[in-house]
Structures are given as C-alpha cells and as structure tokens.
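Enquirer: Below is the structure I would like to discuss, written out as structure tokens.
Computed from the coordinates by the stated procedures, all read-outs in this text should not be read as laboratory data. Keep in mind that what you see is a predicted model, and the values were worked out from it rather than measured. Neighbour counts run over all protein chains shown; Cβ positions are idealised from the backbone, glycine included.
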Amino acid sequence: MLKILRINTRTKEFRFEEPGAYAGLGGRALTSRLVFTEVPATCHALSAANKLVMAGGILAGSTAANSGRTSVGAKSPLTGGIKESNVGGQFAHKLPRLGLLAIVLEDKPEGDAPFVKILVKQDTVEFLPADDIVGMSNYAAHDLVKAKFGEKVVTAMVGPAGEQCLMASTIQFSDPEGRPSRSAGRGGMGAVMGSKKVKAIILDPECKLEVPMADMAKFKVARKRWVDILMGHPVTSQGLPTYGTAILVNIINEVGALPTKNFRTGRFDDAAKISGETMTETIKARGGQYKHGCHTGCVIQCSQVYNDKNGKYLTTGFEYETIWGFGANLLINDLDDIALMDRLCDEAGVDTIEMANAMAMVMEGGALPWGDSKGAIEVLKKVGTADPQGRILGNGTAFTAQAYGVDRVPVVKRQALPAYDPRTVKGVGVTYCTTPMGADHTAGYAVCQNVLKVGGDVPAMGKAGQVEVSKNLQVATAAVDSLGLCLFVAFAVLDTPDALQTIADMVAAATGKPTSVDDLVNMGVNALKDELAFNKAAGFTDKDDQLPDFFKNETLAPHGTTWDFTAEEMQAAKVG
Ligand code: SF4
C-alpha cells in the first residue's frame, strides 16, 4: 500500500505512514481532507501550524491518459482559506514509483535557519544544503539540480518569490523535458513552502517501483475506451492541441467577455494579435512546438514550446489566462512581450493571473501607462528581488491595489479574477463567488455551457440555470481533481454518455474496489464539504461570496451587462 511521507521541517525527522483515515483518497480529496483535519483553520498560513501537502490523484502512476496532475494543498496565505492548487509536470506519476501517496511538510524551522533541499528516496529522506541554489531563479536553479541529480530528476521548487514568502508565489514543478515550467500557481503555495525553508523537493530518479494495479486486463479495456473518448471530441482532439487554451482569445472576445483594461470592456481591439491562431503561426515559423504535453501520458497536449524571434526557447505552458492578463487586460498587444512576462513569472515563481491583475493595479494607480509592455517587463523583473515594488506586486492584486490606492479591484476572497468577465459569462461568475478557492475559473468552468455549448446550453448573459450549472461543475471538478485527471478531459466527458462510467471502470480496475459513478460524485461532494467547513471555521461568511461592487455598478460593453446576483442567491451553489 502506498504511504504518506511526513517530514518535520524543524526537527528534520520523517516517517512513512500507512494512510489510515486517508485510505482511498487521492489528489484534492486527500489534500483538502488532511488540511481540514490537521490544520487549525485560524492559524497564520505562514506559521508552523500550517501543513503543505502534495498528492497525486487516485489514478496517479497508472497509464490512464491525462492522469498525472498533482494537487498541492494548504491554508492559503493569499485568501486565508483552504487551497488546492492543481499542477501538471512529472511529480504525481513519480510519487507512486517511490511507494508514496503523498508528501506532507510540517512545522517550520526557527529563526534564520538556512533553506534545504529535500531528497526523497525509497524509505528514506536526505536533507541537503541549498546554498548553491538559494536566491536563484527557477530555470538556473533547476539546471544545477539536474547537473547533480541527473537529467531525469523530478522536482518541486520555489523561486525567489517563494523564498520571500510572497503571497502570490508558486511552486514550480518539472515537466517531461526537465524544465521547472509547471506552476502550482494559485493561492501562494510557494510562500507556505518557503516559510518552511524548503527550496526544493527532489524525487530520486533511480527509484522505479512497480505501481500497484488490481486488474490490469480490465484496466486496459477501460483505458482504451478512455483514449477513444478523448480523441473523439473536437475540443480535446483538435482545438486544444492545435491552438492551446489560447484558442479562447478570439472566442471570448467575440462573446464580449474578454476583460480589457482592468475589466472595463469585454472586447479588445487587438485580440487577433494575441490570439491562439497567431500564437500557433508564430510557433511554427520559429521552430517551436504547438502540441505538447505537460506530463507523460497526456493525449490532449494543449501545451506548447514558444520560441523567441531568434528561435531560442522562451516559454512553455503559455496559457490563455496569461495571454489575456498581460495582454488585453493591460492593453498590450505584443505576444513576444507577453511570453517574456510568462517566463519572468516562472523564473521568480509567481502566479501569472495574480501578477497580471496586480500589474493592472499599478497601471490603474497611474504608476505605469496602460499598454506599456516594456515598462511592465521592468516592473516584473523586480519581483523576487529586494526592491519594494517587487515585494508589493509579489503579494498579489489586493495588496498591490492597497499600495496604489485603487478601488476597482477584481478579487474574490483576495484572489484575482481570471479571464472571463462574470457580467457576460454569469455561470463562471457564480463559480468565482462560491468556490472555496477564491476567484478561480477552473473550480467550475461554466464557460463550457455558457459559451462553448459543451455539456448543455445555458445562455451566458441570463441568470437562469447558472447556479445549478456552477454547483454541478464544482462537484465534478473536485472529483476530477481527486482522481488526478486534467480538467480539460471535461470537454469530452460532458458530451460522451459513457465517459463517467469509463472513468469509474478505470478506478475500479486500478484500486480493486467496486466504483460507481455515484462514488465519483460523492468524492467531489465530500471534498467540497471539507473545504467549505474549513473556510467557515477560518471565519468566512456568506458575505465573502460576492463580486466587488464595480461589477454591479458598471455596465460592460458591448452588451451592457451587470452582475445581478445577490449574496443570498449564491448560497444555493454550495453543497449542503
Ligand atoms: S491537456 Fe494540457 S493541461 Fe491537461 S495534462 Fe495535457 S498539457 Fe497538461
């Protein structure tokens, strides 16, 4: 049976435990149950009482397509609530090959204890000095780690922002090519790791235990059907692999919901210049790669390798949200400058959604002209340094707004809004308000039904049906995150009658436990219940489930929409 590795970062003791009360859980269901059970909800997120949990999903280590996502859980320093930050990379598939279900970092060193690297091997852990990589940006630090531990090494690492415990800091996970490019971006999980003085977790590349599989014959049958489902849907077999998530730039702009100039309008005149179509043409012309997986076993491959004008690698995992945030929302139309900002965020280890909105606060506050991409790059370079402006930005959008005296602040529970204006795509607005995570599109991606017409048709600008669709999607997403599946499988799942049963069949064959579709739904419901209960204990009330006032008071062009849900109406979107 896979074990939970608990590491005390103060005493440097560790133990490999049977899962006990956590048996049968994986991914988000595991991280949220453990945080809910073991972390005092009112503790300071950077204190010794907080715990940082990294877990693969129930299907981690298997050959099920798109099953290698890692859940990172803790109390969030950004929101003050519970957090599950979901990330690609090689970590989740590697954990079971070390015999591990999860790694938990506990306690914190006292005083000015130095940062360490933690090398995780089969049945043991080594604490190594991190002086050689402390203060370094992520790519350079990861190159040194590879030079010492081998090209195939799998890591989770904080950049300079995480070392400073900034609230928008990420944990960067290594991808199949050995780059620290995949971000557990949301909620400041890097700050929690930094507070425990852990610079990097390194998984021993030499250990390759066989991953338990209860019934391989049945698993192979279900796995094949699963691939057929994913490859039989146009979004997962054509749209995402060809244009990445940036395919949404033109689509959401056309809908009139592409937040522009800090959510002032829903259309950006230069959307075509930063679109997925333009990105893919640019990638092709420069010898990059437009179909790329963030972890081994992904068959959708929405990621890409984006090269600069000289054909030299610049960034990967160049997402719609990043392109929107540093693009339309700042009135910037230069895709290369946006790609550089994506890279700078990965280097310092900060969340691109939080940084892009924070930059909008700098522009809103008059400290930088709208559209000044070169100026934005220079400001971004300060994050992770000792520069006070860099420290302000690195603490996120709400903090930056306070520093610059801004009152149009697009956050829910102090987490910045992503790339869909909730006045015109109301279903995702319900999710922003009610997910325990703070504003997060992935927690209940109603863009499917509102815009893409996948899994149903709920008109985007009306109120009818939005609460129900968001609630159902929040449950489904929590289940998907618990299995370790990539959220993008949802496009095919929602449109394929036997998809959920196929997933249940894979789980049953992998674990040996009879698993029904209802079991999967209950897994999602229970994870949400844990998260909501944690947030309630942390002091959140119904009043926290609302958008900022300017979404109610300002109409959004071109459709003249406003946010017209009450806080009371939002409560029906939460599981009881
Ligand atoms: S579809 Fe995209 S995000 Fe999902 S696993 Fe594949 S590359 Fe990663």
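Enquirer: Which whole-Hz ³J(HN,Hα) couplings does segment 247-263 yield from phi under the Karplus relation 6.51 cos²θ - 1.76 cosθ + 1.60, θ = phi - 60°, glycine and proline marked x?
Expert: Coupling constants for segment 247-263: 4, 6, 4, 5, 5, 6, 5, 4, 5, x, 10, 7, x, 10, 6, 6, 6 Hz.
Enquirer: Sorted from largest to smallest, which semi-axis lengths in Å does the alpha carbon gyration tensor of segment 1-52 give for its equivalent ellipsoid, taking the root of 5 times each eigenvalue? Don't skip to the end; give the middle numbers.
Expert: Numbers: eigenvalues 78, 52, 10 Å².
Taking √(5λ) for each eigenvalue gives 20, 16, 7 Å, largest first.
Enquirer: Hey, could you pull the Cα Rg and Dmax for segment 273-368, both in Å?
Expert: 13.7, 46
Enquirer: On a C-alpha basis, how far is the centre of segment 377-435 from the centre of segment 1-80 in Å? Whole number, if you could?
Expert: Cα centroid of segment 377-435 versus Cα centroid of segment 1-80: 26 Å apart.
Enquirer: Next up: In a Debye calculation with equal point scatterers on the alpha-carbon sites of segment 358-416 and no solvent, what is log10 I(q)/I(0) at q = 0.15, 0.21 Å⁻¹?
Expert: Taken in order of the listed q values, log10 I(q)/I(0) reads -0.38, -0.75.
Enquirer: ASP440's amide H: which non-local residues (gap 5+, or another chain) put their own amide H closer than 5 Å, with H modeled 1.01 Å from N in plane and none for Pro or chain starts?
Expert: TYR432
Enquirer: Oh, and also: Please give the net charge around PRO160, taking every other residue with its beta carbon less than 15 angstrom from that of PRO160, where Lys and Arg add +1 and Asp and Glu add -1.
Expert: -1
Enquirer: Let me ask something else. Which of VAL525, VAL153, VAL198 has the fewest other C-beta atoms within 10 Å, and how do the rest follow up to the most?
Expert: Details: VAL525 16, VAL153 22, VAL198 26.
Ordered by Cβ neighbours within 10 Å, fewest first: VAL525, VAL153, VAL198.
Enquirer: If you bin every alpha carbon distance in the chain into 20 Å steps from zero, what whole percent lands in each bin?
Expert: Percent of pairs per bin, in order: 23, 61, 16, 0.
Enquirer: Compute the orientation-averaged projected area for segment 462-576 from the convex hull of its Cα atoms and round it to one decimal in nm².
Expert: Details: hull surface 37.3 nm².
Result: a mean projected hull area of 9.3 nm².
Enquirer: Okay, next question. What ranking of THR37, THR435, THR31, THR477 emerges when the number of other C-beta atoms within 10 Å of each C-beta is taken as an exposure proxy, fewest first? Could the numbers behind the result be given before it?
Expert: Values: THR37 12, THR435 29, THR31 34, THR477 24.
Listing THR37, THR435, THR31, THR477 from fewest to most nearby Cβ atoms yields THR37, THR477, THR435, THR31.
Enquirer: What FRET efficiency, computed as 1/(1 + (r/R0)^6) with R0 = 51 Å and r the Cβ-Cβ distance, is obtained for GLU210 and SER47, rounded to the nearest 0.05?
Expert: Numbers: r = 39 Å, r/R0 = 0.77.
That gives a FRET efficiency of 0.80.
Enquirer: Okay, moving on. Apply 1/(1 + (r/R0)^6) to the Cβ-Cβ distance of ALA272 and ASP131, taking R0 = 30 Å, and write down the FRET efficiency to the nearest 0.05.
Expert: Computed FRET efficiency for ALA272 and ASP131 comes out at 0.05.
Enquirer: Between ALA21 and GLN571, how many nm apart are label points set 7 Å from Cα along the C-beta direction?
Expert: Going by the 7 Å Cα→Cβ label model, 2.8 nm.
Enquirer: Now, a different point. Where the centre of each part is set by its Cα atoms, how far does segment 479-503 sit from segment 514-576, in angstrom?
Expert: Cα centroid to Cα centroid, the span is 22 Å.
Enquirer: Another question about this same structure. Modelling each spin label as a point 7 Å along the Cα-to-Cβ direction, I'd like the ASP123/LYS148 distance in nm, to one decimal.
Expert: Placing both labels 7 Å along Cα→Cβ, they lie 2.5 nm apart.
Enquirer: Residue by residue through segment 139-151, which ³J(HN,Hα) values in whole Hz follow from phi under the Karplus form 6.51 cos²θ - 1.76 cosθ + 1.60 (θ = phi - 60°), with glycine and proline marked x?
Expert: 3J(HN,Hα) across segment 139-151, in whole Hz: 5, 5, 4, 5, 4, 5, 4, 5, 4, 8, 10, x, 4.
Enquirer: Can you give the helix-only mean residue ellipticity at 222 nm for the chain, where every DSSP H stretch with n ≥ 4 adds -39500 (n - 2.57) and the sum goes over all residues, rounded to the nearest 500 deg cm²/dmol?
Expert: -10500 deg cm²/dmol
Enquirer: In whole Hz and in residue order, list the ³J(HN,Hα) couplings for segment 344-358 that follow from phi through the Karplus curve 6.51 cos²θ - 1.76 cosθ + 1.60, θ = phi - 60°; x for Gly and Pro.
Expert: 4, 5, 5, 5, 6, x, 9, 6, 5, 5, 5, 5, 5, 5, 5
Enquirer: I would also like to ask the following. Starting from 0.36 nm per residue, how many nanometres of slack lie between GLU13 and THR37 once their C-alpha separation is accounted for?
Expert: Stretched out fully, the GLU13 to THR37 stretch lengthens by 6.5 nm.
Enquirer: May I ask you to sort THR562, THR511 by Cβ crowding, counting other Cβ atoms within 10 Å and putting the fewest first?
Expert: Exposure proxy ranking, most exposed first: THR562, THR511.
Enquirer: Further, regarding this structure: What whole-number value in cubic angstrom gives the convex hull volume per residue for the C-alpha atoms of segment 429-520?
Expert: 93
Enquirer: Oh, and also: Given H placed 1.01 Å from N in the peptide plane, which residues other than close sequence neighbours of LYS51 have an amide H under 5 Å from its amide H?
Expert: LYS75
Enquirer: Moving on to the next point. Just need log10 I(q)/I(0) for segment 209-347 at q = 0.15, 0.21, 0.22 Å⁻¹, Debye formula, equal scatterers on the alpha-carbon atoms, no solvent, rounded to two decimals.
Expert: For segment 209-347 at q = 0.15, 0.21, 0.22 Å⁻¹, log10 I(q)/I(0) is -0.76, -1.19, -1.27.
Enquirer: Oh, and also: Quick one: what Rg and Dmax do you get for segment 301-422 from the alpha carbons, in Å?
Expert: 13.6, 42
Enquirer: Hey, got a sec? Which GluC sites (Glu not before Pro) in segment 1-69 land in a DSSP loop and have at most 15 other Cβ atoms within 10 Å?
Expert: Qualifying residues, ordered by number: GLU13.
Enquirer: Using amide H atoms built in the peptide plane, which far-off residues or other-chain residues are under 5 Å from HIS292 H to H?
Expert: Answer set, sorted by chain and number: CYS302, SER303.
Enquirer: If I model a spin label at LYS374 and LYS463 as a point 7 Å from the Cα along the Cα→Cβ vector, what separation in nanometres do I get?
Expert: 5.0
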